[in-house]
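Engineer: To start, I am sharing the structure in question, which I have written as structure tokens.
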Amino acid sequence: MDFSQWLSLTFIFHAFLSLPISSEPSLSPEVLPQIPVNFLDLAKSSEVFDWMVGIRRKIHENPELGFEEFETSKLIRAELDQMAIPYKYPLAETGVVGYIGTGLPPFVAIRADMDALAMQESVEWEHESKVPGKMHACGHDAHVAMLLGAAKILQDHRLELQGTVVLVFQPAEEGLGGAKKMLDDGALENVDAIFGIHVSASYPIGTVASRSGPILAGGGFFEAVISGKGGHAAIPQHTIDPILAASHIIVSLQHLVSREADPLDSQVVTVGKFQGGGAFNVIPDSVTIGGTFRAFSKESFIQLKQRIEEVITKQASVQRCNATVIFNENEKPFYPVTVNDKDLHELFQKVAGDILGIQNILDKQPTMGAEDFSFYADVIPGYFFSLGMKNETQGRFESGHSPNFRVNEDALPYGAALHASLATRYILEKQSKPNPPKGSFDDEL
């Protein structure tokens, strides 16, 4: 049965059904604090844990870059088929969206990214990458495994869910804005809220870290071609030197933060690319520079973008050069600021406190990193948090984007249980807040 058939039948069925799906009390509000504990026990069972580990290792051995996750997507769909979970495919080339529950509101989403990085793995182990130059160095293989683990737990309780959990398996998080394309393709249709997890070597196993409000910066990329007039380095008076112009531009760009931005309003401009010339004694015709810019508010981000373009073009002109600035938003869309919803933060603290203990909920300081989960949280309430996996007894765990990156697979049950518990708690709390009846005061305003 495909998704559309499932959804149609579900709505017809529930149109005639006014009683709860099941009289089973295991997901009732009275036992809210026990639900996460029970889900963690399920996730730690050898059946579920070993299954998640196996999935994670298969994906790790066969890493795929953004919008190329065809085999990863195929594996996900096979597992969903095995669990009889309906889904939509494809969204954003390789994305998959699954559905568990009634097919009726409330709808809550839990998300995992699927893509790997273009780098060579340096960790030597039985399940290292089999694809030269590609590696899961940011934990997305673990994210997929944990979301499938949550799906298995939730599917076993599907008859008790009084709402719908939406499973979002997203491509191309690494700089390509896969979340935006998932949104454009309708991945969050009818969805009221969304949660996302990222594994982290910065926090101990059995802990989580997050906060309410802005947590990750908005980010974008720029590239500029500075054109002059090339010639022999011994007679610079006959040239217009684009290297000198680019050097002035780079220094001036640093003043945007140090002299124009409020010191209490975090911003970054970094030039990480400089290409020009190929000989010691030749001044080139042109130079290409590129970089990234970050800010913690939409207003600051827009101002920074405008000033980057002005500084590059006008400084080039001062040096008798021409400059073309390219932001290339189609290929690399600007990421919004990642903002955690206040109400979802309160729900997260309840769930994480039940499952881990309140002492294991850590405060995460905002950073200038960017994450395309922000596209989701920009249109509906969203919540993004870090899942600790550091364990000193197992050696050093490197941070993401390192060729020595490792995943502590002991963290997988925590991620699966948190995903499942957050979605369940959200649905149950929504149920306890009935809509005002027709003709009420609110309805007449």
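Engineer: Over all directions, how big on average is the projection of the convex hull of the alpha-carbon atoms in segment 135-193, in square nanometres? If you can, show how the numbers build up before the last one.
Structural biologist: Numbers: hull surface 19.8 nm².
With the hull built on Cα positions only, its mean projection is 5.0 nm².
Engineer: While we're looking at this one, here's another question. Given the options 266, 247, 212, which has the most mean-square fluctuation in a GNM of the chain, springs set between C-alpha atoms less than 10 angstrom apart?
Structural biologist: The residue that fluctuates most here is 247.
Engineer: Sum -39500 (n - 2.57) across every DSSP H segment of at least 4 residues in the chain, then divide by the residue count to get the 222 nm mean residue ellipticity, nearest 500.
Structural biologist: When only DSSP H runs of four or more count, the value is -11000 deg cm²/dmol.
Engineer: Please compute the contact order of segment 35-102 in relative form: average sequence separation of alpha-carbon pairs under 8 Å and at least six residues apart, divided by the residue count, as a percent.
Structural biologist: 20 percent
Engineer: Counting heavy atoms of the protein chains only and a 1.4 Å probe, report the per residue accessible area for the chain as a whole number of Å². It would help to have the intermediate numbers written out before the result.
Structural biologist: Details: 20320 Å² over 445 residues.
The answer is 46 Å² per residue.
Engineer: Additional query: Once you have all Cα-Cα distances for segment 306-381, histogram them in 5 Å bins from zero and send the whole-percent values.
Structural biologist: Histogram of Cα-Cα distances, whole percents per bin: 3, 11, 13, 14, 14, 11, 8, 7, 6, 5, 4, 3, 1.
Engineer: Can you list residues whose amide H is under 5 Å from residue 273's amide H, if they're 5+ apart or on another chain and H is modeled 1.01 Å from N?
Structural biologist: 290
Engineer: Also, I was wondering about something else. Does anyone have the angle between helix 342-356 and the longest principal axis of the chain? Alpha-carbon axes, 0 to 90°, nearest 10?
Structural biologist: Approximately 60 degrees, to the nearest 10.
Engineer: Let me ask something else. Taking the chain as a Gaussian network, Cα atoms linked when under 10 Å apart, which of 263, 36, 242 shows the biggest mean-square fluctuation?
Structural biologist: 263
Engineer: Angle, helix 242-255 long axis vs. longest principal axis of the chain, Cα atoms, 0 to 90°, nearest 10?
Structural biologist: 50 degrees
Engineer: Take the Cβ-Cβ distance between residue 331 and residue 365 as r, set R0 to 25 Å, and report the resulting FRET efficiency rounded to the nearest 0.05.
Structural biologist: On the way: r = 31 Å, r/R0 = 1.24.
Plugging the Cβ-Cβ distance into 1/(1 + (r/R0)^6) gives 0.20.
Engineer: Quick one: pull the percent of accessible area on segment 193-297 belonging to carbon and sulfur, 1.4 Å probe, ligands and nucleic acids left out. Walk me through the numbers before you get to the answer.
Structural biologist: On the way: 2670 of 4640 Å².
It is 58 percent, rounded to a whole number.
Engineer: Right, something else. Running a GNM on the chain with Cα contacts under 10 Å, which residue among 160, 223, 299 ends up with the highest mean-square fluctuation?
Structural biologist: 299
Engineer: Let me ask something additional. Need one value: the accessible area of residue 74 in square angstrom, 1.4 angstrom probe, rounded to the nearest 10.
Structural biologist: 120 Å²
Engineer: Once label points are set 7 Å from the Cα along Cα→Cβ at both residue 233 and residue 31, what is their separation, rounded to one decimal in nm?
Structural biologist: In this crude spin-label approximation the distance works out to 7.7 nm.
Engineer: If I compute solvent accessible area with a 1.4 Å probe over the protein chains, what percent of it on segment 306-445 is carbon and sulfur? Walk me through the numbers before you get to the answer.
Structural biologist: Numbers: 3210 of 6900 Å².
Ligands and nucleic acids excluded, carbon and sulfur reach 47 percent.
The values are calculated or read from the model by the stated rules, or taken from the named source; none is laboratory data. This structure is a prediction, so every number in the text was calculated from the model and none was measured. Positions of Cβ are generated from backbone atoms using ideal geometry, with glycine treated the same way; all protein chains shown enter the neighbour counts. To get the accessible areas, we keep the full protein, side chains included, count just its heavy atoms, and leave off ligands, DNA and RNA. Shrake-Rupley method; radii C 1.70, N 1.55, O 1.52, S 1.80 Å.
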